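Novice: Have a look at this one.
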Amino acid sequence: MEKILEGLIQKNRHLIQKGHVANYIPALSKVNPNYIGLAIADVDGHIYCAGDYNIKFSIQSISKIISLMLALIDNGEDYVFSKVGYEPTDEPFNTLYKLDLNSCNPANPMINSGAIITTSLIRGNKDEKFDRIIEFIRLITENPNIGYNEEVYLSEKATGHKNRAIAYLMKAKGYLDGEVEDILDVYFKQCSVEVTAVDVAKIGLFIARRCPLNLDSKINNERLASIVTAIITTCGMYDFSGEYAAKVGIPSKSGVGGGILGTIPNKLGIGVFSPALDRFGNSIAGYGIMKDLARELNLNIF
Ligand code: DON
């Protein structure tokens, strides 16, 4: 298996040249674009890794899965989806203008506006919210050493004007409850959490195994896994989600740190890391690897 994974990395390495690391968050522009890491964690407890699988990177939008899960655990499905939609959008991840139309709350929990809402719905004050996020990530990755990158967090906090605009617009429209700056602070911090491809594969495996934990929750675990899998399938790769579903067929979620999480129900979780991005903000070599992996291991769920 490791040989196959290594081969997929070599085959897709040339794609790095066609992408660019995220530079709208200054700290991310310093990341070495040449990293490629890949990990698969299966339901039998095997973990297969190749390349730069143990390099840490910022989780970025993959954290939107975590805030969606915690919002659902704390509030149940009906309440969360009264605040945010289930629908995909053909707009970029940081789209804002539709929020200004009448009765138009965020389309889904995977775009920034929707994730700011789910973060706001996590129980507790700002420190408690972030503690719950990081503890949940540590729990499901079985990695107690996970922390966040202070430089990335402060860099995004200092330059996240578009997210600030989104959050204040939602506050003005009555979509967002709570202190705007506190919610943004948690959102920026959750995006700066550092993970490896192995950690990401384990989050994917947790969903694939239908969230097997006693979660003291307002939603049952099977339903939680089902919602997350459906939402990332339709919205996880932003305005590329349709083509990605057709060509890859692995429920996936990307982040501008270069990570892609994949989850195949009842089978396995996948973590890919390669920081050069395409124009949608998805890892460019990561996409190539996922496409080949789906073919090679017969993982396309469609
Ligand atoms: O809010 C932002 O713009 C970033 N912290 C996260 C965006 C992101 O990861 C989009 N993913 N591909």
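Novice: Per DSSP helix of 4 or more residues, -39500 (n - 2.57); summed, then divided by the residues of the chain. What does that give at 222 nm, rounded to the nearest 500?
Specialist: -14000 deg cm²/dmol
Novice: Residue 57 accessible area, nearest 10 Å², 1.4 Å probe?
Specialist: Accessible surface of residue 57 is approximately 10 Å².
Novice: Mind pulling the angle between the C-alpha long axis of helix 126-141 and the longest principal axis of the chain? Nearest 10 degrees, somewhere in 0 to 90.
Specialist: 20
Novice: Could you give the longest part of the chain that holds none of the trypsin sites (Lys or Arg not before Pro) found in DSSP loops with at most 12 neighbouring Cβ atoms within 10 Å?
Specialist: The segment 124-278 is the longest one with no such site.
Novice: Related question: Please report, for the Cα atoms of the chain, the Rg to one decimal and the Dmax as a whole number; what are they, in angstrom?
Specialist: Rg then Dmax for the chain, in Å: 17.5, 54.
Novice: Turning to a different aspect of this structure: Applying 1/(1 + (r/R0)^6) with R0 = 35 Å to the Cβ-Cβ distance of residue 172 and residue 150, what FRET efficiency is obtained, to the nearest 0.05?
Specialist: The calculated FRET efficiency here is 0.70.
Novice: Using only Cα atoms, locate the centre of segment 148-196 and the centre of segment 86-125, then give the distance between them in Å, rounded to an integer.
Specialist: If you average the Cα positions of each part, the centres end up 13 Å apart.
Novice: Determine the relative contact order of segment 68-185: mean sequence separation of Cα pairs under 8 Å and six or more apart, normalised by residue count, in whole percent.
Specialist: Worked out over segment 68-185, it gives 28 percent.
Novice: Residue 221 versus residue 298, label points 7 Å from Cα toward the beta carbon: distance in nm?
Specialist: 2.8
Novice: Hey, if you put +1 on the Cβ of every Lys and Arg and -1 on every Asp and Glu Cβ in the chain, which of 37, 208, 120 ends up farthest toward the positive end of that dipole?
Specialist: Value: 37.
Novice: While we're here: If you average the sequence gap of Cα pairs under 8 Å that are 6 or more apart and divide by the length of segment 222-302, what percent do you get for the contact order?
Specialist: 25
Novice: Note the angle between two axes, namely the Cα long axis of helix 150-159 and the longest principal axis of the Cα atoms of the chain, as a number of degrees from 0 to 90, rounded to the nearest 10.
Specialist: 50
Novice: What is the local net charge at residue 128, summed over the other residues whose Cβ is closer than 14 Å to its Cβ (Lys, Arg +1; Asp, Glu -1)?
Specialist: -2
Novice: With every protein chain present, what is the per residue accessible area of the chain (1.4 Å probe, Å²)?
Specialist: Counting only protein heavy atoms, the per-residue value for the chain is 40 Å².
Novice: Please compute the net charge surrounding residue 31, taking Lys and Arg as +1 and Asp and Glu as -1 over other residues with Cβ under 15 Å from its Cβ.
Specialist: Local net charge: -2.
Novice: Could you please state how large a percent of the accessible area of segment 1-130 is carbon and sulfur, counting protein chains only and using a 1.4 Å probe?
Specialist: Carbon and sulfur atoms account for 51 percent of the accessible area of segment 1-130.
Novice: Roughly how compact is segment 30-114, stated as its Cα Rg over 2.2 N^0.38 Å to two decimals?
Specialist: Taking the Cα Rg and dividing by 2.2 N^0.38 Å, one obtains 1.45.
Novice: What does the C-alpha gyration tensor say about the overall shape of segment 184-302? Classify as rounded when a/c is under 1.5, otherwise prolate if a/b is larger than b/c, or oblate.
Specialist: oblate
Novice: Only Cα pairs under 8 Å and at least 6 apart count here; give the relative contact order of the chain as a rounded whole percent.
Specialist: That works out to 29 percent.
The values are calculated or read from the model by the stated rules, or taken from the named source; none is laboratory data. Given the structure is predicted, the values throughout are model-derived calculations rather than measurements. Here Cβ is always computed from backbone atoms with ideal geometry, including for glycine, and neighbour counts include all displayed protein chains. In case anyone asks, the SASA skips ligands and DNA or RNA and just uses the protein heavy atoms, side chains included. Shrake-Rupley method; radii C 1.70, N 1.55, O 1.52, S 1.80 Å.
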